[in-house]
Each structure stands twice: as C-alpha cells, then as structure tokens.
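S.K.: One structure follows; several queries about it will come next.
Here, each number is a calculation from the coordinates, and none is a lab measurement. These numbers come from a predicted model, not from an experiment. When we count neighbours, we look across all protein chains shown, and the Cβ atoms used for this are built from the backbone with ideal geometry, even at glycine.
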Amino acid sequence: MPSLSINNPRLSVIVISYNMARELPRTLHSLSAGYQLGIAPSDIEIISIDNGSRDAPAALPPIAELRHLRSNNPRPSPVHAINEGLVMAQGDLVGVWIDGARMASPGVLAGALSAARQYRNPVIVTPNYQLGTAHHAAQKSAAYSSEVEDALLGSINWPDDGYRLFDIATSEMRSPSGPLLESNGIFMRKSTWIRLGGYDEAFDEPGGGYANPDLLRRAVDLPDTELVKLVDEGTFHQCHGGISTSTEEGLISLLKQAGVKYRHLRGKPAGMVRQPGIILKKDKYLPPPS
Amino acid sequence: MGKSQVEIEGWIQKYIRSVLETGSDALPTDTDWTDLGLDSVELVIMAGVLEDDFDIAVDPHILIEYSTISTFSQYLSDALNQKT
C-alpha cells in the first residue's frame, strides 16, 4: 500500500468497502470536510480501503483529505482491512466505518472531536439508521430499490442539509440513547485501539459477523473507558445487497450463525451494551443554526 | 433427545441472565421477553443458540407467539419430545 501524505490530522476515519460503486462516493462525501460542520480539511484524514471489490467506483469525489487504497490481503470479512487501516491511521482519535455504504450526518466528526476533548478515554458511538421507511431486510424488493433510494435522497436535496437524512430514514434501535448492539461509526483514541488489538480477526465470516458488536463490548468493558453517545447524529445505510441487510431470511440466518460463533469465541452469548453512557447532544458541539 | 420444560427453563434463565448481566436471581417466567429487557435482535440470537444446543430448528417468530420463559419452554419441550 502507498503511504499517506496527510500530516498530523486530529482525526482519522477508516472506511471499508466491498462492491459499493454506487454507495461509497456518497459515504466519502458525507465524511469530508466539505460536508462535515466545523471541520477543516487539515483536521482529518479519510482512509478508504477497498476490500477486494469486483465493482469499485469508477471515480471518487475530489476530497483532498481522502486516500483510497486497496487492501493488501482482501478477505470475506472486513476485519483484516480495518486493522490495516488502524495501523496507518495518524490521528489521535480514530473512527472506524465498518460499512462503507453508510452515510454520515453532518456533525459526526465535530461531535467525536468534542467528546475526545472532554473525556480521557471515550468510546464514541453513533446510532445506526437505514434509509427508507422500513429496515432494508424487511422491504419487498419491488417496493424498495436503489432507484427508490436515489429518489428519496433527491427529495431532501441531499447533500444540501445532511440532517434531513433523519426525515427519510428508519432507526435500527428503539432509542438513540438506549441499548445498542453495535455502531457503524465508532471512535476511540488510537491508544485505545492499540490496547484492544483492533478488531478480532477470528471473526472471519463474510461481513465480519459480530466483529463490530464484539469490538464495542470489549471497548466498554475496559476499566477506564467512557461510553459517549452522539444521539443527534447517525449513520444511514444505503441498500446495496450487503450481507446483513438484504432479506429478512438472510438477516435472521446471519444473526443466528453469528451469535453461535460469538458464544463459541467468547464463552458467553452476544447481547446489547446496556449501560446508558454519556449523552452528548448537538448543541454542545455545534453552533445553533442561523 | 427430549428435554423437560424445567430443564429448558433452566437453560433459558441462565442464558438471559448472562445477556442482561443480572446476576443469579431467578427471572419471572410469566413475563414477556420485552418486559424482561430483551431486544428483538437478542431473541433471534437466542433462537440460533437454542438450535445449536438442542439440535432443533427455532423460528424466531415462535418466540413472539410463545413470549415468556414458561410458555416457550413448554413449546420447545413438546417439540423436542415429538422429535425423539
């Protein structure tokens, strides 16, 4: 892999993609300084890692803080590619975007940096949403498609006001502040990532199984970390035929298999992180809208 | 191999206490999963682990129909006994 030339960013974001030609450009734009509020290009580096796509984007948005690379050892699971990114990340604060099909709301990075200023070892999470009026796995294929989704995004003039993504999305959780199984956008200090040893590559199944819930659980179980929830932000899943969100039957099968593997690896059942954590609201890190 | 309702209740009690990290106090057996504090995703995961441990297919939708430890344990016990 080529080395990165961006020096001393405050925040690194690692984005993993596989066959996301349509979705990845939007995701990368949503993480860029041109979209994120209160962020300068020099604040961040975006490390986009393609995990062996056959269908990669023909072109990516012109983002100065972006480096798009190809994994040196693509595997069915995204976990190894994430760990490659963690080695390269230069920021003190590092975010992992395990699913490159998820767009960000505009305050995610400012919120993460604010939490990192306030707390010594924060585990900063963002709630997961899915574009559309229902979870993609529950949608009939005829009723929801990439064309329908494109029209939805057009209806809110995305990316003019990224917070309008909430108007066209469905939460994956009962409440943004409630228990959570995982977070697609999770940020920690690089030293915390190192202590955790990154993601566990034993989660080698396509999509990574419960690698992401496992990472979150291990992070909050460290004795000195503090869970911080950016409840006014979100990551928004675009439909793309991914391993966990395509059909209800596929999702159930995946959840079952992943749960069995998790228990085998960890000796206990997988469950939600129930600690309430610290709720960080938007008015604490962004100026009021003019 | 058949299992009694009591054996299955014991299995589910232990499983849910581990998920909820609630210690060793017995959970009420006539309370809905949701009121016990379980999320729907956790019910699907439990269905998979039940399949692995008891070698029987468990459709997660059954956990909606039999929505307490008591009623589901009876259902699964009957299903296992019919299988043997």
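S.K.: Using the Kirkwood formula on the Cα atoms of segment A:32-74, what hydrodynamic radius do you get, in angstrom to one decimal?
M.R.: 11.7
S.K.: Separate question: If one puts a single equal scatterer on every Cα of segment B:5-83 and applies the Debye formula without solvent, what log₁₀ I(q)/I(0) results at q = 0.11, 0.13, 0.14, 0.23 Å⁻¹?
M.R.: Ignoring solvent entirely, the Cα scatterers give -0.24, -0.33, -0.39, -1.15.
S.K.: Tell me the relative contact order for segment A:11-266 as a rounded percent, counting alpha carbon contacts under 8 Å between residues six or more apart.
M.R.: Value for segment A:11-266: 25 percent.
S.K.: I've got another one for you. For chain A, what is the convex hull volume of the alpha-carbon atoms per residue, in Å³?
M.R.: Considering the Cα atoms of chain A, their hull volume per residue is 123 Å³.
S.K.: Determine the calculated [θ] at 222 nm for chain A from helices alone, applying -39500 (n - 2.57) to every DSSP H run no shorter than 4 residues and normalising by the residue count; nearest 500 deg cm²/dmol.
M.R.: The helix contribution divided over chain A gives -8000 deg cm²/dmol.
S.K.: Excluding residues on the same chain fewer than 8 positions from A:K268, give the lysines whose Cα lies under 29 Å from its Cα.
M.R.: Of all the lysines, those that pass the test against A:K268 - Cα under 29 Å, at least 8 places apart if same chain - are A:K190, A:K229, A:K256, B:K3, B:K14, B:K83.
S.K.: Related question: Distance from the Cα centre of segment A:248-288 to that of segment A:163-223, in angstrom?
M.R.: About 6 Å separates the Cα centre of segment A:248-288 from the one of segment A:163-223.
S.K.: Would you tell me the mean number of C-beta atoms belonging to other protein chains that fall within 10 Å of each C-beta in A:255-264, as a whole number?
M.R.: Partner Cβ neighbours, averaged per residue: 6.
S.K.: Does anything in segment A:70-102 have its amide N under 12 Å from the 7 Å Cα→Cβ label point of A:L222, and if so which residues?
M.R.: Residues A:93-94 qualify, since their backbone N sits under 12 Å from the label point.
S.K.: Here's a follow-up. In segment A:11-266, what percentage of the DSSP-assigned beta bridges are antiparallel, given to the nearest 5?
M.R.: Rounded to the nearest five, the antiparallel share is 35 percent.
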